[in-house]
Structure formats: C-alpha cells, structure tokens
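Colleague: Can you keep this structure in mind? I'll have questions shortly.
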Amino acid sequence: MTRIISVVSGKGGVGKTTLVANLGSHLSSIGKDVAVIDANLSGANLGLHLGLSDFYPFAINHVLKGDVPMSHATYNHYLGFDIIPASLSDIDVNPNRLKHVLKDVVGKKDFVLIDAAAGIDNEVKAAIEASDEVLLVTNPDTPSIADALRAKKLAENLNKTVMGVVLNKVRGERFEITDKVIEDVLELPIIAKIPEHKKVREAIALKIPMTAYAPRSKVSVELKKLSHHLTGEEMPKESLLEKFINALYR
C-alpha cells in the first residue's frame, strides 16, 4: 500500500525540503520504494537540493497541465529514490489537480513524500488534499510554531491525520520554546528533534542528502530514527564498536 505524506509547516525556512530529501534518501536505503515530489509549484527547491541540473525538460507543473504523463517528469536519484521536481520557471499552473495525477504512482511506491509550499494557500491545500497523512515541521520559536498551528488547522479542516511534529534546527538555547509548550500549543507529540548543525548547510551546498553526506552525525541519526518511525519498524541497534566510532563523528 502506498502512503502519501505531505510535509507542511506554514512557514518558510524551517527545513521542509531538507527533511523530505533526507527521508526519501534513507527510506530508500532501507529498502523502501520512494518518490519525493516538489509541490512548491511557485518556488521550486527540491530538485536543486538533490542535484538535478538547473534545467530539466519536464516537471510536475507540466503533468498538472496535462502536457506529459507523470513518468516524463520522474527522475531517478543515484541513491535509489525517484524525484518529481517542480519547474523553476513555469509557475502558472493550477495545483488542484495534484491529487488526481498522483493516482499514477499509487500502488507503485511504498512512500510518496510531498514537499509542500510555505503558508496556507492553495498550493499547500492541494498538497494536503493529495496526501493521506501530514507531517508538521517547525522550529522552536514563536513565529514558526504560530504558523505551524495554522497549517495544522488547515489539515484538520481537510480531514487529514497529522502524525506529529518534527522539531527542526534545535540548538538547545535557553530561550527556545520548550518541548512541552510546543506539544501543548499544537496538541501533537514531537516525534523527532533534529539539531542545528553546520554539516546540514554543507550537505545542501554539495546537493547531497545529509544521511549520505554525514551518516554518523547526530542530525542523520535523528533523521534515520524518524524514517524508521514512519515505517513502524524498529531501528537496528548500534553495537558497542559502532557507538564508539559514531561518537567520534558527532
């Protein structure tokens, strides 16, 4: 059965695209058949994060217009998952057909991860409507949490299950909003806490998913834990030697 999960935040810059890229990469590495889709139709980024050239002939925008089938806009990443990017230039498109064109991948993939646009406009609504479940991403600051609350309410109004909160770019600073306050405000559990780390920026610059670029880092470990949480499978335990080696890289 294909699980279609939209990753939303309500606010730009919280790390949705990085999260989608890394979940796609690691889920693929543990044997899942995965496609990641850029549903930020007016602000494409996912393809750039994953090293697609600055120009690719077809994108999800062309599929939504009915110009090409989904297969023409699907590109295989060297780490094993499929990318369906958004166009870098052709932004005049109706997002409401997204749920219809995704029928072409249902049954063919284990996971379809949708990188939603920021905000709560029609593009975000279309991404949520096209999904079965929603993953909410926020940073531990007031503006991000306020916007995440709006996105959560939009998902609930569309009768979608919000699985939980991914707390991203955590620095552990005393003025960050606490986990308890975040869970109380959003009325959702925090299912992953991903720390801020300069290697994330390095990985983005090199266009390599963090889980492949620095697989032993604390960031990658948390991303891997989240991937296993989504599958419902237990993450393999580290041996004592692995724990020692990994500690040297963190």
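The values are calculated or read from the model by the stated rules, or taken from the named source; none is laboratory data. All figures in this text were calculated on a predicted structure; none of them were measured in a lab. Positions of Cβ are backbone-derived with ideal geometry, glycine not excepted, and every protein chain shown enters the neighbour counts.
Colleague: Can you give me the number of residues within the range 130-159 that are over 16 Å from the mean Cα position of the chain (by Cα) and among the acidic types (D, E)?
Modeller: Count: 3.
Colleague: Pick out the one residue from D82, D147 that is at pLDDT 95 or above, closer than 18 Å to L27 by Cα and surrounded by 15 or more Cβ atoms within 10 Å (Cβ to Cβ).
Modeller: Numbers: D147 fails: closer than 18 Å to L27 by Cα.
Residue meeting the stated conditions: D82.
Colleague: Also: Among the residues of the range 87-113 satisfying the criterion of being assigned to a strand (DSSP E or B) and either touching a Gly at 6+ places or on another chain (Cβ under 7 Å) or of a type in the set (V, I, T) (or both), which is farthest from A44 (Cα to Cα)? Let's see the steps before the verdict.
Modeller: Within the range 87-113, the first condition is being assigned to a strand (DSSP E or B), and the residues that meet it are 111-113.
Filter again for either touching a Gly at 6+ places or on another chain (Cβ under 7 Å) or of a type in the set (V, I, T) (or both), leaving 112-113.
Details: V112: 17, L113: 15 Å.
Checking each candidate, the answer is V112.
Colleague: Go through (1) touching a Leu at 6+ places or on another chain (Cβ under 8 Å); (2) closer than 12 Å to Y75 by Cα one by one and return the number of the condition L23 breaks.
Modeller: In the conditions (1) touching a Leu at 6+ places or on another chain (Cβ under 8 Å); (2) closer than 12 Å to Y75 by Cα, L23 misses (2) alone.
Colleague: In addition: Quick one: is L226 under 15 Å from T18 (Cα atoms), surrounded by fewer than 16 Cβ atoms within 10 Å (Cβ to Cβ) and modelled with pLDDT of 95 or more? I'd like the intermediate steps shown before the answer.
Modeller: Working: under 15 Å from T18 (Cα atoms): yes; surrounded by fewer than 16 Cβ atoms within 10 Å (Cβ to Cβ): no; modelled with pLDDT of 95 or more: yes.
Here the answer is no, as L226 does not meet what is asked.
Colleague: Any chance you could count how many residues in the range 45-78 are farther than 25 Å from G12 by Cβ, crowded, with 18+ Cβ neighbours inside 10 Å and among the aliphatic types (A, V, I, L, M)?
Modeller: Residues in the range 45-78 being farther than 25 Å from G12 by Cβ, crowded, with 18+ Cβ neighbours inside 10 Å and among the aliphatic types (A, V, I, L, M): 1 in total.
Colleague: For the subset of the range 123-143 comprising residues that are among the hydroxyl-bearing types (S, T, Y) and surrounded by 24 or more Cβ atoms within 10 Å (Cβ to Cβ), which member is nearest to D92 (Cα to Cα)? Quick ask: steps written out before the conclusion?
Modeller: Of the residues in the range 123-143, the ones among the hydroxyl-bearing types (S, T, Y) are 131, 138, 142.
Filter once more, so that each one left must be surrounded by 24 or more Cβ atoms within 10 Å (Cβ to Cβ): 131, 138.
Values: S131: 22, T138: 28 Å.
Applying the filter and picking the extreme gives S131.
Colleague: Here's a follow-up. Only one of (1) surrounded by 13 or more Cβ atoms within 10 Å (Cβ to Cβ); (2) of a type outside the set (D, E); (3) in a helix (DSSP H, G or I) fails for V166. Which number is that?
Modeller: Among (1) surrounded by 13 or more Cβ atoms within 10 Å (Cβ to Cβ); (2) of a type outside the set (D, E); (3) in a helix (DSSP H, G or I), the lone unmet condition for V166 is (3).
Conditions tested, residue by residue: (1) within 21 Å of A148 (Cα to Cα); (2) within 15 Å of the chain's Cα centre (by Cα); (3) not charged (D, E, K, R).
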{"position": "K198", "(1), (2), (3)": "no, no, no"}
{"position": "L206", "(1), (2), (3)": "no, no, yes"}
{"position": "P209", "(1), (2), (3)": "no, yes, yes"}
{"position": "V219", "(1), (2), (3)": "no, yes, yes"}
{"position": "L223", "(1), (2), (3)": "yes, yes, yes"}
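Colleague: Residues that are buried (at least 18 other Cβ atoms within 10 Å of the Cβ), free of Cβ contacts under 8 Å to residues at least 60 places away in the same chain and in contact with a strand residue (DSSP E or B) (Cβ under 6 Å, 6 or more places away or on another chain): does the range 3-22 have at least one?
Modeller: No, every residue in the range 3-22 fails to be buried (at least 18 other Cβ atoms within 10 Å of the Cβ), free of Cβ contacts under 8 Å to residues at least 60 places away in the same chain and in contact with a strand residue (DSSP E or B) (Cβ under 6 Å, 6 or more places away or on another chain).
Colleague: Here's something else I'd like to know. Taking the options E156, E176, name whichever one is at pLDDT 95 or above and in a helix (DSSP H, G or I).
Modeller: On the way: E176 fails: in a helix (DSSP H, G or I).
On inspection, the qualifying residue turns out to be E156.
Colleague: Mind listing whichever residues of the range 51-76 are in a loop (DSSP other than H, G, I, E, B) and either within 17 Å of L98 (Cβ to Cβ) or at pLDDT 95 or above (or both)? Working first, answer last.
Modeller: First pass over the range 51-76, keeping only residues in a loop (DSSP other than H, G, I, E, B): 51-59, 66-69, 74.
The answer is F58, A59, G66, D67, V68, P69, T74.
Colleague: In addition: Quick one: which residue in I182, I208, I191 is at pLDDT 95 or above and in a helix (DSSP H, G or I)? Spell out how you get there, then give the answer.
Modeller: On the way: I208 fails: in a helix (DSSP H, G or I); I191 fails: in a helix (DSSP H, G or I).
Within the list I182, I208, I191, the selection yields I182.
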